[in-house]
Amino acid sequence: MGETEVGTGLRAKLRAYVEEAFLYLHPDVELRDEDQFLELGVIDSLGFVELVEEVQSRYGIAVDALEITEENFGSIDALVAFVERRRPS
Amino acid sequence: MCGIAGIVRADADAPVAEEALRRMAGALRHRGPDGWGLAREGGAGLVSTRLAIFDVPGGWQPMRGERGTLLVYNGEVYNHPELRRELGGAFATTSDTEVVLRLLEREGVRALDRLNGQFALAWWEPAARRLTLVRDRFGVRPLHWAALPDGGIAFASEAKALFASGEVAAAPDLAGIDEVFTTWGARAPRSAFAGVAQLPPGGLLVWEDGEPVAQRTWWEPDCARGGSAAPAPGDLAELLADAVRLRLRADVPVGTYLSGGLDSSLISALAQRATDHELRTFSVAFHDARYDERPWQERVARALGTRHHAVEVGPREIADGFRAVVAHAETPLIRTAPVPLHLLARATRAHGITVVATGEGADELFWGYDLFKETALRELHVRDPARAEALLDGLYPYLDVPAERRGPAWRRFFFEAGAPGDPLFSHGPRIAATAVVRAFYRPEAAQSLAGADPLARLRADLPPGFARWSALERAAWLELTTLLAPNLLAAQGDRVAMAHGVEGRFPFLDHRVFAHAAALPPERKLGPGLREKAELRDLAARLLPAEVAARPKQPYRAPEVAPFFGPHAPAWVEERLEARALDAVGIFDPARVAGLLRRCRTGKASGFREGMALVGILSTQVWHERFCGAGAAGWPAERSQPRVRLDVAAGITS
């Protein structure tokens, strides 16, 4: 069940996006892939809107309201798993 | 229209230096470029700079009344001819100033209820050594004051004149700045400066012989219909036509600002009917089609037959005008929207027009802003989530990201931004969105703000009965209190217009129109299917082309990030945002700002959140440099001869 090679690239890209778009506001935070964005306070509610928008447009995924959960969007790990599961193959 | 300022001392024998008064007048010259006057006597000094609108040859200030009191007065009382007739007797001038002074001398502050207008005034009664400061109902005209160490008081239309006096030092009030980054403006009595208070809208302050003895409001907006089924007082067509007619009273040519939307088009149509002259209309046009409303402006101007002028604004003009606007506004900003209006006022003045009527106030009174629709939908969401979500997708058609892509996260942001029982429910999304600027505070600044929650202060100031008002009535009160007075009428209104000696007049803010709007059945303001301002649209359908009367609202916006980056960006932008400059001011964290700058430089900061953060940080830096920095500019004294000099101290009265 290891991450695919494509998945590694995906992880790096998603991390780069989160760092560039959100982490500059939290220079003291060393974000690990399993860390929860909301718990750490690195993404606020409107930031969450931007994050979901970005995932939708970048990977061509139509996100349903019920899918906007911390399980799917709450951490780098969650994002990678969600995009891998949902993006068109 | 004018600027006013003055100093009164606790010690009646302590002089007020003429040089200090001249510097105060110099700092307010833009508000009153036609001349100035001063009065000095017994530990008091008053100055006025005048933009002559009524009784151009007479009407100079300070004015002494028949009972020996002195008045400096900024603004207009539109019903002064009627009040003059009621008062009877002989008047030396035909100005409204003299009418106001006589009313005050005869009736005291009880007379304020009789005034229909927009004004700020300072009234000095030498015998009692009493100074009364007053501001109009909605806070159209500004008035600042500061307590002096000797027990005296200094006041001025703009804070810069307090600093020019040499008696008040400019320093930031972090709590005031924090209010800008919470609800979009520092709310009176707070200002962005430590030790400088603003008189609240509808407020008055009485200082007597060494101390303030009364601070209260003489008028407050009651936005509640109170469950009354009684018809709203008056007929809107008649009230608004009369409000426009009164506001076109001037001894100089007048015009209107025309955005192309419903409110300003309606005011322009009524103004055209009320004037014998060819009406002049003035509009902001944008290079960028996303912001531009030119086709609508031209359509209305053609239909009404006005002589129309447009000022075209691009990113460069916004960057070039930004620092001057901050200097006039005297506060950090969160949007660039005041800059085009500054340029519009300059063009208006260049065409020889000094008085303009605008549509300001209609969206607060008749629930036109999207915020009211959001509030209605967020309430509906509790009962009918599917319908509320479908309707929310129809809001904000002007945003860069189309509704289908904004999608469900956007909906959740709105529907989870506070509970309907919260008195500040309507403003939850705005407060949450604006909080992005506060995330850039350096830790020391954030720490020093602990215990100064701007929302706690707002909650404490809610009017009695607020809890019983509907969510939309509460939203209206909050818009009047947190947005209209501290931001739209100030940074985006009075300050940028008076920067060029142009006076804005606001027929919707006639208190009779307000009373009518407040008493309307709610569906006349926000109807089924989120149709807004039915009351205004019905009137507009009789006066304007059908497509204008039915046009959906487009908020007025200006580009936020693009003007400050790229090949044409001025060098001062990056200089003011360098770590050294940020450290010198001590409010924002350089590492965080550097991250934002990377996004801005690469064109990735396109959302309104980062736009707001950039404008907030940059304007704070510019504001601090202008007023509080070591290199803050001096305040040159007015050197011309005063048109009025009432100088008991020097034994001169002329």
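Side notes on the structure shown:
- For the range B:57-69, a residue qualifies if it is open to solvent by 10 Å² or more (accessible area, probe 1.4 Å) and within 26 Å of the chain's Cα centre (by Cα), and exactly one does: B:Trp60.
- Leading residue by the ranking (farthest from B:Leu143 (Cα to Cα)) among those in the range B:440-486 that are open to solvent by 40 Å² or more (accessible area, probe 1.4 Å) and not in a helix (DSSP H, G or I): B:Ser470
- Test: residue in the range B:410-420 that is surrounded by fewer than 17 Cβ atoms within 10 Å (Cβ to Cβ), assigned to a loop (DSSP other than H, G, I, E, B) and within 11 Å of chain A (Cβ to nearest Cβ): yes
- Answer residue from the range A:25-46, given it is assigned to a helix (DSSP H, G or I) and at the interface with chain B (Cβ under 7 Å from one of its Cβ atoms) and is nearest to A:Lys13 (Cα to Cα) among those: A:Leu25
- Taken over the range A:60-73, the residue count meeting the criterion of being open to solvent by 30 Å² or more (accessible area, probe 1.4 Å) and more than 9 Å from every other protein chain (Cβ to nearest Cβ) is 4.
- Index of the failed condition, A:Ala12 passing every other in (1) away from chain B (no Cβ under 13 Å); (2) in a helix (DSSP H, G or I); (3) surrounded by 14 or more Cβ atoms within 10 Å (Cβ to Cβ): (3)
- Among the numbered conditions (1) buried (at least 21 other Cβ atoms within 10 Å of the Cβ); (2) within 14 Å of another protein chain (Cβ to nearest Cβ), the only one that B:Thr620 does not meet is (2).
- For the range A:23-46, taking the residues that are open to solvent by less than 10 Å² (accessible area, probe 1.4 Å) and within 11 Å of the chain's Cα centre (by Cα), the one that is nearest to B:Arg599 (Cα to Cα) is identified as A:Ile43.
- Taken as a whole, the range B:367-375 holds at least one residue that is without any contact (Cβ under 8 Å) to a residue 60 or more places away in the chain, more than 30 Å from B:Arg576 (Cα to Cα) and outside any loop (DSSP other than H, G, I, E, B).
- Comparison of B:Ser264, B:Ser259 shows that the only residue that is in contact with a strand residue (DSSP E or B) (Cβ under 8 Å, 6 or more places away or on another chain), open to solvent by less than 30 Å² (accessible area, probe 1.4 Å) and polar (S, T, N, Q) is B:Ser264.
- Failed item, numbered, when A:Val49 is tested on (1) at pLDDT 85 or above; (2) open to solvent by less than 30 Å² (accessible area, probe 1.4 Å); (3) closer than 29 Å to B:Asp589 by Cα; (4) within 12 Å of another protein chain (Cβ to nearest Cβ): (1)
- B:Ala613 vs. criteria within 14 Å of chain A (Cβ to nearest Cβ) and either at pLDDT 95 or above or surrounded by fewer than 19 Cβ atoms within 10 Å (Cβ to Cβ) (or both): yes
- Counting the residues of the range B:1-22 that are surrounded by 24 or more Cβ atoms within 10 Å (Cβ to Cβ) and assigned to a helix (DSSP H, G or I) gives 1.
- Within the range A:74-89, considering residues that are farther than 22 Å from B:Gly595 by Cα and β-branched (Val, Ile, Thr), the one nearest to the other protein chains (Cβ to nearest Cβ): A:Val83
- Of residues in the range B:70-111 being open to solvent by 10 Å² or more (accessible area, probe 1.4 Å) and among the hydrophobic types (A, V, I, L, M, F, W, C), the one modelled with the highest pLDDT: B:Val109
- When each of B:Ala285, B:Ala303, B:Ala327, B:Ala345 is tested for being in a helix (DSSP H, G or I), of a type in the set (A, V, I, L, M) and open to solvent by less than 10 Å² (accessible area, probe 1.4 Å), the lone residue that passes is B:Ala345.
- Filter pass, B:Trp145 being open to solvent by 10 Å² or more (accessible area, probe 1.4 Å) and either in contact (Cβ under 8 Å) with a residue 40 or more places away in the chain or within 30 Å of B:Glu610 (Cβ to Cβ) (or both): yes
The values are calculated or read from the model by the stated rules, or taken from the named source; none is laboratory data. On a predicted model such as this, the values are computed, not experimentally measured, just so you know. Don't worry about glycine lacking a Cβ; one is built from the backbone with ideal geometry, like all the others, and counts go over all protein chains shown. To get the accessible areas, we keep the full protein, side chains included, count just its heavy atoms, and leave off ligands, DNA and RNA. Shrake-Rupley method; radii C 1.70, N 1.55, O 1.52, S 1.80 Å.
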